[in-house]
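Encoded as structure tokens, the structure appears first; notes follow it.
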Amino acid sequence: MYNTGEPHRRGVVPPVSPSNPSGPTPLAAQRIGRLLAIGAQAELESVHTLLTGVRVPEAALCVMVLGQDLIDAGVLAAHCRNAVTDGSVVILVQPRNPGQPSVLLADQLSRLLDREVWAADGPVTIIPGGSLYVADPGTDWWARPPRHPAKARGRRFPVPRWQQVAVTAGPEIVEIPAGWWLPGPPVTGSDDLPFAVPQNDRLFTVLLGDGAPLGEQTLNLIATLPADLRQRLLLAPYGASAARVAALAQQVAETYGHPVSAATGTPLVHPDERVHATVLAGSEAWCRLAERLVYSPQQPPVVTAWTPLSSDLPAAGRATYPLADGWETEVTAFGLWLRPRDVPAGIAAAVRSVPPDEQHLLVRAGASGGP
């Protein structure tokens, strides 16, 4: 991660351009998709690769101002006019001047550009996956329409669908960019990796630590969530047993009568720039082929994300690949099921309901029912 505020345990600030005793460092501007980076040429080059990963919606222009010196609002507006399009919102990020200086500059810029400008009143971190998170508790993104009062928009940009219904984390919870982390006692925020879990714009992620109570106490916590948020849950292990997380997802689905998503590992961005359920180093669990499943009341789980069995083998359906003589292999919660193409619905439901084994990938062959 890259923290755009002062040096911070959750990220690394890129090197600052050396000061110029004869005057301010000349500014350069570089357009990277819907992001406009402004700063000394050397600093733009040093963070170019990082900035290409920032996720900016179509109706926005992200303006990243690098360097130590406060930039004049008129100079910044001149750069923005060449890049901004009609109807676009400007997202202003100042790595070296977070908080109030950035908020004041946003107010001036909104008047000069006559459009809405967003700025954060705290340090901003670029999260893997490209979202922008205001790192300090009690800070937010503020939207500043020209000649109108600013409005708080929450800590995340782009704004996920669940942000407006998210509730304040209690003492047993650590708020992270993706949602919540329940580490279990003792509750600390000293671990960095949960803050690298990417924001899912549709689902509210709850990371369950190895000390998190996965029984009645967690169910009581989930009961405090607004119904809209409960229906967007993504439960994921971070030290907790993936099998216990799956059982909890099924229990929540049965209790509230709606589907619940669960990951089989910690969701992290991999070198292929995709999010994968990841079994962490030191864990004795195996890397599951099924990466995410949806659990529904009185139904077997449905695999919604999985590791392809082979890049050369075309899929025959959802998590299913063709074999010879009318047989197929299906990725399931427990591993692999080798079966005939057509299986009676009752038998299929029974087999797909077999829970995962924490230590072993199971391979089942045939179309008989039962565990």
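The values are calculated or read from the model by the stated rules, or taken from the named source; none is laboratory data. This one's a predicted model, so the numbers in the text were calculated from it and none came from an experiment. Cβ placement follows ideal geometry from the backbone for every residue including glycine, while neighbour counts extend to all protein chains displayed.
Below, the figures for the structure above:
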| quantity | calculated |
| --- | --- |
| Those residues of region 259-278 which are in contact with a Ser or Thr (Cβ under 8 Å, 6 or more places away or on another chain), touching a residue at least 24 places away in the same chain (Cβ under 8 Å) and assigned to a loop (DSSP other than H, G, I, E, B), in sequence order | Pro259, Gly265 |
| Condition check for Leu44: in contact with a strand residue (DSSP E or B) (Cβ under 6 Å, 6 or more places away or on another chain), in contact (Cβ under 8 Å) with a residue 12 or more places away in the chain, of a type outside the set (S, T, N, Q) and part of a helix (DSSP H, G or I) | yes |
| Within region 131-140, tally of residues that are of a type outside the set (D, E, K, R) and surrounded by fewer than 21 Cβ atoms within 10 Å (Cβ to Cβ) | 3 |
| Residue list for region 279-312, filter: β-branched (Val, Ile, Thr), touching a Gly at 6+ places or on another chain (Cβ under 9 Å) and in a strand (DSSP E or B) | none |
| Subset of region 31-61 (residues that are at pLDDT 90 or above and among the β-branched types (Val, Ile, Thr)) | Ile32, Ile38, Thr52, Val54, Val56 |
| Only one of Leu313, Leu323 that is without any contact (Cβ under 8 Å) to a residue 12 or more places away in the chain, surrounded by 11 or more Cβ atoms within 10 Å (Cβ to Cβ) and not assigned by TED's automatic domain parsing to the domain that holds Ala242 | Leu313 |
| Top-ranked residue of region 344-356 - restricted to ones that are touching a strand residue (DSSP E or B) at 6+ places or on another chain (Cβ under 9 Å) and assigned to a loop (DSSP other than H, G, I, E, B), ranked as farthest from Pro237 (Cα to Cα) | Val354 |
| Among (1) surrounded by fewer than 15 Cβ atoms within 10 Å (Cβ to Cβ); (2) of a type in the set (Gly, Ala, Ser); (3) more than 28 Å from Val245 (Cβ to Cβ) - the single one Ala367 does not satisfy | (1) |
| Selection within region 248-293 - of a type in the set (Val, Ile, Thr) and more than 19 Å from Leu219 (Cβ to Cβ) | Thr264, Thr266, Val269, Val275, Thr278, Val279 |
| Among (1) outside the structural domain of Ala247 (by TED's automatic domain parsing); (2) farther than 30 Å from Gly257 by Cα, the one test that Glu273 misses | (1) |
| Residue match in region 98-109 (condition: closer than 27 Å to Asp201 by Cα, modelled with pLDDT of 90 or more, surrounded by 23 or more Cβ atoms within 10 Å (Cβ to Cβ) and within 25 Å of the chain's Cα centre (by Cα)) | no |
| Criterion (surrounded by fewer than 23 Cβ atoms within 10 Å (Cβ to Cβ), out of contact with any Lys or Arg (no Cβ under 6 Å at 6 or more places or on another chain) and either closer than 19 Å to Thr264 by Cβ or modelled with pLDDT of 90 or more (or both)) met by exactly one of Pro198, Pro237, Pro185 | Pro198 |
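Per-residue answers, yes or no, for (1) at pLDDT below 90; (2) farther than 23 Å from Ala262 by Cα; (3) not in a strand (DSSP E or B):
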{"residue": "Pro314", "(1), (2), (3)": "yes, yes, yes"}
{"residue": "Ala324", "(1), (2), (3)": "no, yes, yes"}
{"residue": "Glu330", "(1), (2), (3)": "no, no, no"}
{"residue": "Asp342", "(1), (2), (3)": "no, yes, yes"}
{"residue": "Glu358", "(1), (2), (3)": "yes, no, yes"}
{"residue": "Ala367", "(1), (2), (3)": "yes, yes, yes"}
